[in-house]
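A.B. asks: Quick one: structure below, then a few questions.
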Amino acid sequence: IVKWALKRGKAAIFADTGLGKTIMQLTWADQVAEKTNAPVLILAPLAVASQTIEEGRKYGIHIEKLNPDADVFGRGIYIINYEQLHKVKNQFMGIALDESSILKGMMGARRKEITDFAKGIPYRLSCTATPSPNDFMELGTQSEFLGIMSQIEMLAMFFIHDGSDTAKWRLKGHGQKKFFEWMA
C-alpha cells in the first residue's frame, strides 16, 4: 500500500482500524522527506500527535511536534493538530492527514482551510479508517484535498442529484464501474 501511495504521490489509504495506518503514514512521510530532502507535515487530531511520535520511535522514524512559528529546513517529519494549522507557514513538500474524515463537511471551514493549505504541496496522503462509502460527498472532499478532482467535478462526472436535498446523490447507472475504477 505504501509503495502504491508513494508511486502515485497523491493517494488515500482507507484501511480499517488495526491494519497499521499509522506506520503506513509514517513510512510514507519518511520516504517523501528522504526523496525531497524537505519537511513533511502530518496533521492529526489533538490526542493523536503523541501516540504517533511514540509509534515512530518504535520503528526508528523521528517525528517532532511542530512549533507553528518555527521555520523548518531540510529533511524531517513534523506533526501538529488540525486546530493549529492556521498558524503554520507552508514550507512542506509532503502532507499527510491522520483521520482525514475531518474533510467530510462539504462546506466546512476546516475542510477548506486544509484543502487550500495543501494546494501547493506536491505529495499528499489522506488516511482514515472511516471514509463513508455511502457518502459520496466525503469521497469528493478527499479527492479535492488530494488535488485529483474537485468534489463538484466528481459529482458531475459520476452522479445524478436526487431532488432538492443537496446530500442525495446516486451513481449514474452506466458510471458505477468507471467510478470504482477511478476510486482505485
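A.B. asks: Considering all projection directions equally, how large on average is the shadow of the alpha-carbon convex hull of the range 21-126, in square nanometres?
C.D. replies: The orientation-averaged projected area of the Cα hull of the range 21-126 comes to 6.0 nm².
A.B. asks: OK, next. Using volume of the Cα convex hull per residue in Å³ as the read-out, say which of (i) 172; (ii) 111; (iii) 128 was calculated from these coordinates.
C.D. replies: Answer label, from the structure shown: (ii).
A.B. asks: When ligands, DNA and RNA are left out and all protein chains stay put, how many square angstrom of accessible area per residue does the chain have with a 1.4 Å probe?
C.D. replies: The answer is 52 Å² per residue.
A.B. asks: Follow-up question, since we're still on this one. In percent, what relative contact order does the range 58-155 have, based on Cα pairs under 8 Å that are 6 or more apart in sequence?
C.D. replies: 22
A.B. asks: Which entries in the list K7/K168; K3/K58; K104/K178; K10/K87; K35/K89 go over 27 Å, if you measure between the two C-alpha atoms of each?
C.D. replies: K7/K168
A.B. asks: Mind pulling the angle between the C-alpha long axis of helix 109-118 and the longest principal axis of the chain? Nearest 10 degrees, somewhere in 0 to 90.
C.D. replies: 60
A.B. asks: Nearest 10 degrees is fine. How inclined is helix 49-58 to the longest principal axis of the chain, computing both from alpha carbons?
C.D. replies: Helix 49-58 sits roughly 60 degrees off the main axis of the chain.
A.B. asks: Go through L41, L171, Y82 and say which Cα lies farthest out towards the positive end of the charge dipole of the chain; charges sit on Cβ, +1 for Lys and Arg, -1 for Asp and Glu.
C.D. replies: The residue sitting farthest along the positive end of the dipole is L171.
A.B. asks: Turning to a different aspect of this structure: Summing Lys, Arg as +1 and Asp, Glu as -1, what charge do residues with Cβ under 13 Å from the Cβ of W28 carry, W28 excluded?
C.D. replies: Numbers: positive: K3, K7, R8, K10, K21, K35, R124; negative: D30, E34, D98.
Within the 13 Å Cβ shell, the charges total +4.
A.B. asks: So between R8 and K168, what do we pick up on full extension, going 0.36 nm a residue minus the alpha carbon distance? Walk me through the numbers on the way to the answer.
C.D. replies: Working: separation 160, 0.36 × 160 = 57.60 nm, distance 3.07 nm.
Contour length minus Cα-Cα distance gives 54.5 nm.
A.B. asks: Moving to a separate point now. How large is the helix-only mean residue ellipticity at 222 nm for the chain, computed as the sum of -39500 (n - 2.57) over DSSP H runs with n ≥ 4, divided by its residue count, in deg cm²/dmol to the nearest 500?
C.D. replies: -11000 deg cm²/dmol
A.B. asks: Here's a follow-up. Within the accessible area of the chain, what % is carbon and sulfur when the probe is 1.4 Å and the other protein chains stay in place?
C.D. replies: Answer for the chain is 54 percent, counting heavy atoms of protein chains only.
The values are calculated or read from the model by the stated rules, or taken from the named source; none is laboratory data. Keep in mind the model is a prediction, meaning the values are calculated, not measured. Reconstructed Cβ throughout: ideal geometry from the backbone, glycine too, with neighbour counts over all protein chains shown. The protein model used for the area step is the full one, side chains on, heavy atoms only, and it has no ligands, DNA or RNA in it. Shrake-Rupley method; radii C 1.70, N 1.55, O 1.52, S 1.80 Å.
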